[in-house]
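Asker: Here it is, the structure in full.
The values are calculated or read from the model by the stated rules, or taken from the named source; none is laboratory data. The shown structure was predicted, so the numbers you read here are calculated from the model rather than taken from an experiment. Cβ sites come from the backbone with ideal geometry, for glycine too, and all protein chains shown count toward neighbours. When the accessible area is computed, the model is the full protein with side chains, heavy atoms only, and any ligands, DNA or RNA have been set aside. Shrake-Rupley method; radii C 1.70, N 1.55, O 1.52, S 1.80 Å.
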Amino acid sequence: MVLLPPEQACPVLVPAATMLKTTGPFGTPVPPSVPVELAVPVKLTGTPGDEEHTSPVQIRTMLAKKPPIRIVTPGRVYRKDDIDPRHSPVFHQMEGLAVDEGVTFADLKGTIAAFARLLFTPETKIRFGPTFFPFVEPGVDVAVSCVFCSGTGAAGGATCRPCSGSGWIEIMGAGMVHPNVLRNGGIDAEKYSGFAFGMGIDRIAFLLYGVPDLRLFFENDVRFLDRVWS
């Protein structure tokens, strides 16, 4: 990725580059068909579409390549979300997929824990909570200790607004790839297993830079955009 000088760099592209660099040790290159720049996912018809996630890249990769597979896929996505300090109807996402023989949930947990501690600090706490996602089983929500209140739930004598007093901020969803998804990708689900995860790049920037409100990324306030992002 070619970045602008820090004084001109976008507060979303900088953490995107950091995240791609952080995933490097795990051997997860972006597929050749997906430019490193943040790209709008394309529908199967070949026309740009308002995708809810970057997951279509995963199935196209499985159809085009046999295991072992290890990829990360950045892109711009759209959701029917109410706008608040932690949510936006348009944001940038990065997903990861690993498929090979003998991949287990322990591999998923170790990869995510290492990623979070490299991206934030070695002291970062990680919490896995069970949840449902259609394409994985089991599925988990992953949260890290809040950077604004150091995980205490309180800041400045009041309830921490970014984490709503919980001391945790969710950064991604993840899980073990459902066998039917592998089969639909032309992969032998009896021989191979895999894990997948997806996270919001804007949410990561929110944490890395201590930005208290995601809406600042989209409001074009020059006083905010003129900051040095590095």
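Asker: Could we say that residue 227 is modelled with pLDDT under 80 and farther than 19 Å from residue 118 by Cα here? First the steps, then the outcome.
Answerer: Values: modelled with pLDDT under 80: yes; farther than 19 Å from residue 118 by Cα: yes.
It is true that residue 227 is modelled with pLDDT under 80 and farther than 19 Å from residue 118 by Cα.
Asker: Quick check, is residue 108 surrounded by 19 or more Cβ atoms within 10 Å (Cβ to Cβ), assigned to a helix (DSSP H, G or I) and modelled with pLDDT of 90 or more?
Answerer: Answer is yes for this residue.
Asker: Within the stretch 77-86, can you find the residues that are open to solvent by less than 60 Å² (accessible area, probe 1.4 Å) and touching an Asp or Glu at 6+ places or on another chain (Cβ under 7 Å)?
Answerer: Scanning the stretch 77-86 gives 77, 85.
Asker: Look through 130, 89 and report the one residue that is closer than 26 Å to residue 56 by Cα and either in contact (Cβ under 8 Å) with a residue 12 or more places away in the chain or open to solvent by less than 50 Å² (accessible area, probe 1.4 Å) (or both).
Answerer: Selected residue: 89, the only one of 130, 89 that is closer than 26 Å to residue 56 by Cα and either in contact (Cβ under 8 Å) with a residue 12 or more places away in the chain or open to solvent by less than 50 Å² (accessible area, probe 1.4 Å) (or both).
Asker: Could you list all residues from the stretch 184-207 that are over 20 Å from residue 73 (Cβ atoms) and of a type in the set (A, V, I, L, M, F, W, C)?
Answerer: Within the stretch 184-207, 189, 206, 207 qualify.
Asker: Here are 110, 129, 151, 139: which of them is over 14 Å from the mean Cα position of the chain (by Cα) and at positive phi?
Answerer: 151
Asker: Now for a different question. Of the residues 120, 148, 115, which is within 22 Å of residue 19 (Cα to Cα) and touching a Phe, Trp or Tyr at 6+ places or on another chain (Cβ under 8 Å)?
Answerer: The unique qualifying residue is 115.
Asker: Which is at pLDDT below 80, closer than 24 Å to residue 176 by Cα and in contact with a helix residue (DSSP H, G or I) (Cβ under 9 Å, 6 or more places away or on another chain), of 14, 99, 34, 72?
Answerer: Answer to the selection: 34.
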